[in-house]
Amino acid sequence: MGPFVTIRPIMAVQVEIPYHTIWNFPQKRSEVFAYFADLEKALTAHFPGLDRVKQVGDTYVWEFEPLEYSGYKLDFRFNTQIQVKPDETIQAVPAGGGLGKLNCTWTFTETHGTQVEYRAKLVVELPVPGLLKGMVTGVATKEITKLFERYSASVIQKFKT
């Protein structure tokens, strides 16, 4: 008999990260909406680490730069379908494939300018050992929240007058 080998299954930790913010801009709703509706341009211009958003048929593929932490390299790619209600909402909902599920909603309300409510929820499975679950969940939540906050700050800067 040969040596005894223990095969450990690759474990995955599922992390759910919600984000919510409200932006107020002096510009007209139609102008703000038109900017956000050009997803490929508006997202890559402001979302840190987002290499590109490309449309493949009726699916938008979001490709991020890999994140590295403690020797783990995490590639993020999300597939979404886009639903648009002109001048009111843009919603990205998960489509098949990708490496997680990303939901984003931009809701546009006319005020003395425009109020945009942005909600996002990212659900991703990270391939790490179960022993690291607590640490990885906290770090992933912190780092992804930072990306959302940097996105928010960049959008605010764009419309600042």
Would you mind counting up the charge near residue 29? Only other residues with Cβ under 13 Å from its Cβ, with Lys and Arg at +1 and Asp and Glu at -1.
-3
Add -39500 (n - 2.57) for each DSSP H run of 4 or more in the chain, then divide by its residues: what number comes out at 222 nm, to the nearest 500 deg cm²/dmol?
-9000 deg cm²/dmol
Within the range 74-156, list the GluC sites (Glu not before Pro) lying in a DSSP loop whose Cβ has at most 15 other Cβ atoms in a 10 Å radius.
88
Estimated inter-spin distance, residue 141 and residue 119, nm [label 7 Å along Cα→Cβ]
1.9
With every protein chain present, what is the per residue accessible area of the chain (1.4 Å probe, Å²)?
60
Under the 7 Å Cα-to-Cβ spin-label approximation, residue 35 and residue 21 lie apart by a distance in nanometres of 1.3
Reported to the nearest 10 Å², residue 30 has, with a 1.4 Å probe, an accessible area equal to 60
Which ³J(HN,Hα) values in Hz, rounded to whole numbers, follow from the phi angles of the range 145-154 under the Karplus curve 6.51 cos²θ - 1.76 cosθ + 1.60, where θ = phi - 60° and Gly and Pro get x?
4, 4, 5, 4, 5, 5, 4, 4, 4, 5
Tell me, what ³J(HN,Hα) does each residue in the range 99-114 have, in order and in whole Hz, if you take phi through Karplus 6.51 cos²θ - 1.76 cosθ + 1.60 with θ = phi - 60° and put x for Gly and Pro?
10, x, 10, 10, 10, 9, 9, 10, 10, 9, 10, 6, 10, 6, x, 9
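Got a number for carbon plus sulfur as a percent of the chain's accessible area, 1.4 Å probe?
53
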Between residue 150 and residue 51, how many nm apart are label points set 7 Å from Cα along the C-beta direction?
1.6
In whole Hz, the Karplus estimates of ³J(HN,Hα) for the range 47-60 (6.51, -1.76, 1.60; θ = phi - 60°; x where Gly or Pro) are 8, x, x, 7, 5, 6, 10, 10, 8, 10, x, 9, 10, 9
Please give every one of the lysines within straight-line cross-link reach of residue 41, meaning a C-alpha to C-alpha distance under 16 Å, and leave out same-chain neighbours fewer than 8 residues apart.
54, 158
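Just how many % of Cα pairs in the range 26-131 lie over 17 Å apart, if you round to the nearest whole percent?
Of the Cα pairs, 57 percent sit more than 17 Å apart.
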Relative contact order for the chain: what is it in percent, counting Cα pairs under 8 Å that are at least 6 residues apart?
31
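The values are calculated or read from the model by the stated rules, or taken from the named source; none is laboratory data. This one's a predicted model, so the numbers in the text were calculated from it and none came from an experiment. Please note: Cβ atoms are built from the backbone with ideal geometry, for glycine as well, and neighbour counts cover all protein chains shown. Ligands, DNA and RNA are stripped out before the accessible areas are found, and what is left, the full protein with its side chains, is counted by its heavy atoms. Shrake-Rupley method; radii C 1.70, N 1.55, O 1.52, S 1.80 Å.
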